[in-house]
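The values are calculated or read from the model by the stated rules, or taken from the named source; none is laboratory data. Please read these numbers as outputs of a predicted model, since none were measured by experiment. Virtual Cβ from ideal backbone geometry, glycine too; neighbours counted across all protein chains shown. Side chains are part of the model used for accessible areas, which takes the heavy atoms of the whole protein and leaves out ligands, DNA and RNA. Shrake-Rupley method; radii C 1.70, N 1.55, O 1.52, S 1.80 Å.
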Amino acid sequence: MRFKWNYDFVKLSKYFYTFSIILTIAGIISLAVAGLNYGVDFRSGSNVDVTLTKPLTEAQVAPVVESLNLSKDPSISVGGDGRMSIRFETVLTDTQENQLKQAFNKQLDSGASFEVNTVDPTIAKELERNALWAVLLASLGIIIYVTIRFEWRFAVASVVALLHDAFLVISVFSIFRLEVDLTFITAVLTIIGYSLNDTIVIFDRIRSNLRFAKQRKRGDVADIVNKSISQTMTRSLNTVLTVFIACLLLFIMGSESIRMFSLAMMIGLAFGAYSSIFIASPLWLVLKNRQKPKAKAPSKTTA
Amino acid sequence: MNRIISFVVVILVVAGIIGTTTPLFKDVRLGLDLKGGFEILYQATPTTQGEAVTRESLTQTARSLEQRANALGTSEPEITTEGTDRIRLRIAGVTDEATVRKTMKEPAELTFRSMDGCSTDASKQSGIPSAEKQGQDTSKSKAADKTSSTDSKSSDSNAVSAQTEGLPQGVTVTPDTGAAGTTATENTYANEDPAKLYCKIELTGDDFKENGASVVYNSLQQPEITIEVKDAKKFGEITKRLINQPLGIFLNGQLLSAPTVRAELTDGKASISGSYTVQEAQQLKDQINLGALPLKLNEIYSQSVGASLGQQSLNETLKAGVVASIIILIFMILVYRIPGLIAGFSIITYVWLTVMIFVAGDFTLTLPGIAAFILGVGMAVDSNIITYERIKDEIRNGKSISSAFKAGSRSSFGTIMDAQLTTIIAAAVMFALGTGAVRGFALVLIFNILVSIVTNVFFSRFLLSLLVKGRLVNKPEYFGVKESERDAL
């Protein structure tokens, strides 16, 4: 098994850098031009999810909803498995909400149950901003901890990797116009947690291999990185595979409300495993190689 | 042999504990997204311009909201203050959401109004006191019915203390609610908007002491509401002017009660008595207290989930979780054989322990919580995989099973700790700085990691060590290593 992974990851890394940079640029462009496809959590209005006990078509529902005159152009979408979603551009008041529920129960389906989300987007935006700050400051915390336990180069590389993963997931959601709701924020946080965990495990191996290795020439450190990655490869794949299975099943079988969450998780897990191997580790090497070669007293000023 | 026995005993005991306590799983408090109910985030603003929302007024408003929700008989309302000017309200499993929501929102503008100077007042005020006798009679029997013996006992002392505090005897009085509706006054005004009738605003919510209203019982066991105002002089002036006139208590323009002023009150305290049931008195007290807060509440976010929809989400998610767990278990056993089996057992223990912490700590499980849970399971699996991969490496390098186990456990420990600690630090920062969902997620994550270290590092290793030392697991195959992969030393 362990001989299977003897690739020159370091050499390959420049292709992966290119790949990541292209994706990042595509993400920046997509975010700048189109932004994110915000769900109701981030747009002012009301979203009514109806669970039906009998099949109804849009044509049956539309006249009832429109007759109530609740909001301009309510959009109705019928999903599979007996669900229906009605979106109002304005926020429904309590009375309007009740009107709708009553009319729906009376005229269409007496057993229907409702999930109403009414949002003033400022609060969702605030949570988003708050999460962003939390992530940035958490990165700072990680840098401090990893610098103490490892060295600053590991810290920088792991933080770059986790920000890379979070940003790429956001980019993918922007590019493919996937809907971003509040659970998405949680998914991004989860991915950051995973990515970090994954990266640190590989770094730990690099560090322990460094301890026993003699570094005579430049290429030696690259060898250590390659060796460390291949040593941890089985573990990386097995772990990501098991968590991926869990998310895939949640995506397929789980409730509608966490579908986007599961999707974001799957994308993020893939990026998390990828970045730990192909971005974080080679990046550490780049930083390491720029260390002044053989300065007898290792200069600490760079930290 | 001893070790084998201890291994079997440990497994049986733990499995037994898990098996017998599993019914407790139903005690996990489920969030709104899984159970149904609604959540409202209020933004509090001062009712009077220029005043600031203080910490104190905010918590008091929250407390009043809680009392109000409790009074409505909702199950475990969860009310928390957030930031400097927000109150989050969560009520699960409500059937009549509209009523609850309306009542919760209602508390806003409390006014005491008089008919002083209004066009219609002069001719009609005389009719009001006639309600008194009848009203008090009915209330007496009502109160006796509704008050349980323990209630009246404890409230006896309340009544005494209130009286010794020097509330003027027989002071204010007599509302015309309920039974009093038959009086001449009510009939005369029946068709008129009370807000127009009581045209002069004498006192607003600001004039009352915060949480100054309380329910006491008089010597006849009738509930009375005592109130306190901030400015005794102003109150004295008003009561002097309005003697024998009704003073309407309005909440958001709606007349709650209209007691008649019986005396001039100079000490800033008054009691309102009459035909209230205990419940009505409590309600009025809450309304006055809530209105007396200098804060206005606006809904800025609300979410409501139908009970059956929440249940459906939970069922689907659980089913997915169970299937995922089984697949992971099979995977672990196929790849890591005996240790994989132990990993499976310790992961089950981990899940069980985490759920138990939710039950014991009375935490609420929400969808983001489940997210953190998944990450936790992922890391739990990872801890085991890291250890077993290390052990496999050592076996391949030609070490004996027991020394491979020792070396593998030791070297993987540092790795796992570094990875987990880094994540805990990230979670701690998120917890410290985040709000709402971010905070909940971070907290669950921290707990998960701690539990994971206990079960998937220490417990799992302990179990495996019993097997290894007991020489029961003594072949590389048991670890998923082929003999051909081994290097001779």
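Which residue, of B:Val377, B:Val381, is open to solvent by 20 Å² or more (accessible area, probe 1.4 Å) and at the interface with another protein chain (Cβ under 7 Å from one of its Cβ atoms)?
Only one candidate passes the filter, namely B:Val377.
Looking for whichever is within 14 Å of chain A (Cβ to nearest Cβ), open to solvent by 50 Å² or more (accessible area, probe 1.4 Å) and either at pLDDT below 75 or farther than 30 Å from A:Leu248 by Cβ (or both) here; the options are B:Glu228, B:Glu237, B:Glu299. Which one fits? First the steps, then the outcome.
Details: B:Glu228 fails: within 14 Å of chain A (Cβ to nearest Cβ); B:Glu237 fails: within 14 Å of chain A (Cβ to nearest Cβ).
Answer to the selection: B:Glu299.
Annotation: B:Ala407 fulfils all but one of (1) free of Cβ contacts under 8 Å to residues at least 24 places away in the same chain; (2) more than 9 Å from chain A (Cβ to nearest Cβ); (3) open to solvent by 20 Å² or more (accessible area, probe 1.4 Å); the unmet one is (3).
Consider region A:232-272. How many of its residues are among the small types (Gly, Ala, Ser) and within 26 Å of A:Val48 (Cα to Cα)? Step through it out loud before you land on a result.
Start the filter on region A:232-272 by keeping residues that are among the small types (Gly, Ala, Ser), which leaves A:236, A:246, A:254-255, A:257, A:262, A:264, A:268, A:270, A:272.
Cutting the leftovers down to within 26 Å of A:Val48 (Cα to Cα) gives us A:254-255, A:257, A:262, A:264.
Final tally of qualifying residues: 5.
From the residues in region B:361-387 that are among the aliphatic types (A, V, I, L, M) and within 10 Å of B:Asn448 (Cα to Cα), which one is nearest to the chain's Cα centre (by Cα)? Among those residues, the one meeting the criterion is B:Ala372.
Results for (1) assigned to a strand (DSSP E or B); (2) open to solvent by 20 Å² or more (accessible area, probe 1.4 Å); (3) hydrophobic (A, V, I, L, M, F, W, C), shown as yes or no for each residue.
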site: B:Gln311; (1), (2), (3): no, yes, no
site: B:Ile327; (1), (2), (3): no, yes, yes
site: B:Val335; (1), (2), (3): no, yes, yes
site: B:Ile338; (1), (2), (3): no, yes, yes
site: B:Gly344; (1), (2), (3): no, no, no
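Inspect region A:138-161 for any residue being aliphatic (A, V, I, L, M), open to solvent by less than 10 Å² (accessible area, probe 1.4 Å), in contact with a Gly (Cβ under 7 Å, 6 or more places away or on another chain) and in a helix (DSSP H, G or I) and give the result as yes or no. Within region A:138-161, not a single residue is aliphatic (A, V, I, L, M), open to solvent by less than 10 Å² (accessible area, probe 1.4 Å), in contact with a Gly (Cβ under 7 Å, 6 or more places away or on another chain) and in a helix (DSSP H, G or I). On inspection, A:Val48 fails the criterion of being modelled with pLDDT of 75 or more, buried (at least 18 other Cβ atoms within 10 Å of the Cβ) and under 30 Å from A:Asn226 (Cα atoms). In region B:432-441, of all residues being in a helix (DSSP H, G or I) and without any contact (Cβ under 8 Å) to a residue 60 or more places away in the chain, the one that is surrounded by the fewest Cβ atoms within 10 Å (Cβ to Cβ) corresponds to B:Ala432. Checked against (1) at pLDDT below 75; (2) in a loop (DSSP other than H, G, I, E, B), B:Gln221 passes all but condition (1).
Taking region B:432-478 as the range and being within 12 Å of chain A (Cβ to nearest Cβ) and of a type outside the set (A, V, I, L, M) as the test, the residues that pass are B:Gly434, B:Thr435, B:Gly436, B:Arg439, B:Gly440, B:Phe441, B:Asn448, B:Ser452. Remark: A:Arg129 matches the filter, which requires a residue to be open to solvent by 30 Å² or more (accessible area, probe 1.4 Å) and of a type in the set (D, E, K, R). Restricting attention to region A:162-187, the residues that are modelled with pLDDT of 90 or more and either among the β-branched types (Val, Ile, Thr) or not in a helix (DSSP H, G or I) (or both) add up to 7.
Sub-8 Å Cβ pairs linking a first residue in region A:12-27 that is in a helix (DSSP H, G or I) to a second residue that is of a type in the set (Val, Ile, Thr) and surrounded by 15 or more Cβ atoms within 10 Å (Cβ to Cβ), at least 6 apart or interchain, are A:Ser13/A:Ile279; A:Phe16/A:Ile279; A:Tyr17/A:Ile279; A:Ser20/A:Ile279; A:Ala26/A:Ile175; A:Gly27/A:Ile170; A:Gly27/A:Val172; A:Gly27/A:Ile175, ordered by first then second residue.
So which of B:Thr349, B:Thr364 ends up being more than 9 Å from chain A (Cβ to nearest Cβ), polar (S, T, N, Q) and in contact with a strand residue (DSSP E or B) (Cβ under 6 Å, 6 or more places away or on another chain)?
B:Thr364
Cβ-Cβ contacts under 8 Å between residues 6 or more apart (or on different chains), taken from a first residue in region B:343-365 that is assigned by the TED database to the domain that holds B:Ile330 to a second residue that is acidic (Asp, Glu) and not in a strand (DSSP E or B), are listed as B:Val359/B:Asp27. Taking residues in region B:415-428 that are more than 11 Å from B:Asp382 (Cβ to Cβ), and partners anywhere that are among the acidic types (Asp, Glu), the pairs with Cβ atoms closer than 6 Å and at least 6 places apart or on different chains are B:Asp418/A:Asp204.
Looking only at region A:205-240, residues that are without any contact (Cβ under 8 Å) to a residue 12 or more places away in the chain and assigned to a helix (DSSP H, G or I) come to 7 in all.
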